[in-house]
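**Student:** What follows is a single structure, and I will ask about it in a moment.
The values are calculated or read from the model by the stated rules, or taken from the named source; none is laboratory data. Treat the numbers as computed from the prediction; the structure is a model and nothing was measured. Counting neighbours? That spans all protein chains shown, and the Cβs are built from the backbone with ideal geometry, glycine included. Quick note on the areas: whole protein, heavy atoms, side chains included, nothing else; ligands and nucleic acids left out. Shrake-Rupley method; radii C 1.70, N 1.55, O 1.52, S 1.80 Å.
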Amino acid sequence: MTMPPLDILLCAPRGFCAGVVRAIDAVEKALAVYGPPVYVRHEIVHNKYVVESLRRKGAVFVRELDEIPDGDSPVIFSAHGVPRAVPEAAASRRLFAIDATCPLVTKVHREAEVHHKRGRHIILVGHAGHPEVIGTIGQLPQGAITLVETAGDIAGLEPADEANLAYVTQTTLSVDDTREIVETLKARFPRIVGPHKEDICYATTNRQGAVKRVAPLVDALIVVGSPNSSNSQRLREVAEREGCPLVRLILRGEDIDWSLFGDIRRLGVTAGASAPEILVEEIIDAFAARFSVNVETVSTADESVFFPLPRGLRGQAAE
Ligand code: SF4
């Protein structure tokens, strides 16, 4: 039986960013140097496949520090960052804490801190409940930061001093939505200060850029990633906005609903910053079992960002 042809346009850049590579390497290095168990507060990155494979190697994922017994085992904080109270609690219990917060998230924490020191109230553009947002808000005393999720939220803001306002943003937002929100903020509060660009990181920007190029060219687009991954959800939205008729966020090959993909001739594939390439290959293999596939990479940016391992792991030799 001859299989129908399918052109797969593979977005580049896609998948792991430098912050995710660093966080996963941190857990693996800690396991190699100190041996299991290595405790990890929250999912180290938002991907079940990654979490499960680290769990099998001896990582123990916890929600809060009080689930960790006293002792010498390391506890690693996830790439999304943590409220200040978390390292403080770890220090008071003399836990061996290793902070795998992405340096680009830490940069936002430092920006917020500087604004606060200068007496500015801070507007954080981000999604309520996301660990990164919880971590950023938790850098400063309660009430120092107000969260804004949409441009519509801005009309309801009533700052005590409009002349002393600053904004920061979550790193994994939609570039286009955030531009609109920042413009609305600046229109309402002309003296608000903020970063030179927004705080959206290079990886989020580049992955969205590649999807923008590919989405108008294909009948369907798959984002490989987890539903709780903010940057993966944004990739799905970008593809939908660019007019791609069928867009699905899929974790594994087994999750593909084949009733949707029967008639397509061109498929776009990308992956969120926390999705490993092996899952992209799994998805392509699943299509290759049903179609005669031709894979072409569409590259819109080069990436060479690298972050060294967190303190406490640099220069440590494995046992
Ligand atoms: S998506 Fe951006 S901010 Fe988040 S871990 Fe990756 S590089 Fe860091």
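**Student:** For region 125-135, what does the Karplus curve 6.51 cos²θ - 1.76 cosθ + 1.60, with θ = phi - 60°, yield as ³J(HN,Hα) per residue in whole Hz, taken in order and with x for Gly and Pro?
**Tutor:** 8, x, 9, 4, x, 5, x, 5, 5, 4, x
**Student:** Sticking with this one: Across region 22-33, in residue order, what do the Karplus-derived ³J(HN,Hα) couplings come to in whole Hz, using 6.51 cos²θ - 1.76 cosθ + 1.60 with θ = phi - 60° and x for Gly and Pro?
**Tutor:** Result, ordered by residue: 4, 5, 5, 4, 4, 5, 5, 5, 4, 5, 5, 7 Hz.
**Student:** Of G129, G194, G243, which has the largest mean-square fluctuation in a 10 Å C-alpha GNM of the chain?
**Tutor:** Looking only at G129, G194, G243, the biggest GNM fluctuation is shown by G129.
**Student:** Convex hull over the Cα atoms of region 109-150, averaged projected area in nm²?
**Tutor:** The orientation-averaged projected area of the Cα hull of region 109-150 comes to 2.7 nm².
**Student:** Please turn the phi angles of region 194-204 into ³J(HN,Hα) values with the Karplus equation 6.51 cos²θ - 1.76 cosθ + 1.60 (θ = phi - 60°), one per residue in order, whole Hz, x for glycine and proline.
**Tutor:** Each residue's phi maps through the Karplus curve to give x, x, 3, 10, 7, 8, 4, 7, 4, 5, 4 Hz.
**Student:** Check the chain and count each lysine pair with an alpha-carbon distance under 15 angstrom, considering only pairs eight or more places apart or from different chains.
**Tutor:** 4
**Student:** For n ≥ 4 DSSP H runs only, could you compute -39500 (n - 2.57) per run for the chain, divide by its residues and tell me the 222 nm figure to the nearest 500?
**Tutor:** -10500 deg cm²/dmol
**Student:** Something else now. If you build a Gaussian network model of the chain, linking Cα atoms that sit under 10 Å apart, which residue out of S78, S226, S299 swings the most?
**Tutor:** Evaluated over the chain, the most mobile residue of the options is S299.
**Student:** Determine the share of the chain's accessible area contributed by carbon and sulfur atoms, expressed in whole percent, with a 1.4 angstrom probe.
**Tutor:** 51 percent
**Student:** Can you give me the long-range amide H partners of V148? Hydrogens built in the peptide plane at 1.01 Å from N, cutoff under 5 Å, separation of 5 or more residues or another chain.
**Tutor:** Those qualifying (amide H under 5 Å, at least 5 residues apart or on another chain) are L124, V125, G126.
**Student:** Quick one: what do you get for region 54-212 if you divide its Cα Rg by 2.2 N^0.38 Å?
**Tutor:** Here the Cα radius of gyration is 1.15 times the empirical estimate.
**Student:** Using the eigenvalues of the Cα gyration tensor, what equivalent ellipsoid semi-axes result for region 139-206 when each is taken as the square root of five times the eigenvalue, whole Å, largest first?
**Tutor:** Calculated on Cα positions only, the semi-axes equal 20, 14, 11 Å.
**Student:** Springs between alpha-carbon atoms under 10 Å, Gaussian network over the chain: tell me which of A23, A97, A288 tops the mean-square fluctuations.
**Tutor:** Sorting by GNM fluctuation, first place goes to A288.
**Student:** Taking H placed 1.01 Å from N in the peptide plane, check which residues at least 5 places from A97 or on another chain put their amide H under 5 Å from its amide H.
**Tutor:** Amide H neighbours of A97, under 5 Å, 5+ apart: V75.
**Student:** If the chain between H127 and W258 were fully stretched, how many nm would it gain, using 0.36 nm times the residue separation less the Cα-Cα distance?
**Tutor:** In short, 44.0 nm is gained.
**Student:** Under 5 Å between amide hydrogens, which residues at least 5 positions from A271 or on another chain qualify, with H placed 1.01 Å from N in the peptide plane?
**Tutor:** Residues meeting the amide H criterion: G15, V224.
**Student:** Now for a separate question. How big is the charge dipole of region 184-264 about its Cα centre, in debye rounded to the nearest 20, if each Lys and Arg gets +1 on its Cβ and each Asp and Glu gets -1 on its Cβ?
**Tutor:** Details: 12 positive and 10 negative charges, 135 e Å.
Charge dipole of region 184-264: 660 debye, to the nearest 20.
**Student:** Can you compute the charge dipole magnitude of the chain about its Cα centre, using +1 on each Lys and Arg Cβ and -1 on each Asp and Glu Cβ, nothing else charged? Give it in debye, rounded to the nearest 20.
**Tutor:** 640 debye
**Student:** Size of the chain along its principal axes in angstrom, Cα-based, largest extent first?
**Tutor:** Here the Cα extents, ordered largest to smallest, are 68, 57, 31 Å.
**Student:** With viscosity set to 0.692 mPa s at 37 °C, what whole-number translational diffusion coefficient in µm²/s follows for region 186-319 from Stokes-Einstein and a Kirkwood radius over Cα pairs?
**Tutor:** Values: Rh = 17.0 Å.
Rounded to a whole number, D works out at 193 µm²/s.
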